[in-house]
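What follows draws every value from the coordinates through simple rules; no lab data is involved. Here the structure is a predicted model, which means the values were calculated and not measured. We place every Cβ from the backbone using ideal geometry, glycine too, and count neighbours over all the protein chains shown.
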């Protein structure tokens, strides 16, 4: 299958014009030939409001990539393996690699990809941790907590998740 997103548009239900949920699966094939899909809630590309004039959250070359990334952070990704779709849990770095790859397939230019990549690696860990903690509270037996950077952070995360 050819790398890139398989859709040109996708049904999206929103109440405020920014946050919403996909009504169908978003399908993506990465540069390594792996097929991914997600059906998730999203806020588009989580760029700070101050740079929306440069990289808007619903940009033509970035929105699908942001949705795919949200699917990874929110543990709503599936991968096609052995003839069937399987739910998969990615860590933060794997999610960030996936958006980098997806942005390239959407023909985002180098500076857009670089800004998004740097922002995710410097600031995205907080959103990743918040999403995984929310899931851990909702489904305590099924969701793995994010990997902490220090033993103190790991203990804090467990306390916040009620474990």
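Using a simple spin-label model with pseudo-atoms 7 Å out from Cα toward Cβ, residue 87 and residue 34 lie 1.8 nm apart. To the nearest ten degrees, helix 92-105 and the longest principal axis of the Cα atoms of the chain are 0 degrees apart. Only one of [x] -0.45, -0.73; [y] -0.39, -0.65; [z] -0.57, -0.86 was calculated from the structure for log10 I(q)/I(0) by the Debye sum over Cα atoms at q = 0.11, 0.14 Å⁻¹, and its label is [x]. Can you give me the angle between helix 63-73 and the longest principal axis of the chain, using Cα atoms only, in degrees from 0 to 90, rounded to the nearest 10? Approximately 20 degrees, to the nearest 10.
Label-to-label distance for residue 123 and residue 53 is 1.7 nm, based on points extended 7 Å past Cα in the beta-carbon direction. Axis of helix 151-160 versus longest Cα principal axis of the chain: the two differ by about 90°, to the nearest ten degrees.
Mean sequence separation of contacting Cα pairs (under 8 Å, at least six apart), scaled by the length of segment 1-93, corresponds to a relative contact order of 22 percent. The relative contact order of the chain comes to 16 percent, based on Cα pairs under 8 Å that sit 6 or more residues apart. Packing, as the average of other Cβ atoms within 10 Å across residues, places the peptides 72-78, 15-21 in the order 72-78, 15-21, highest first. If you take the Cα centroid of segment 1-45 and the Cα centroid of segment 62-90, the two points sit 9 Å apart.
If R0 is 30 Å, what FRET efficiency do you get for residue 111 and residue 41 from their C-beta distance, rounded to 0.05? The formula returns an efficiency of 0.55 here.
Which of rounded, prolate, oblate describes segment 57-133, given a ≥ b ≥ c as roots of the alpha-carbon gyration tensor eigenvalues and a/c under 1.5 marking rounded, otherwise prolate only if a/b is larger than b/c?
Note, shape of segment 57-133 comes out oblate.
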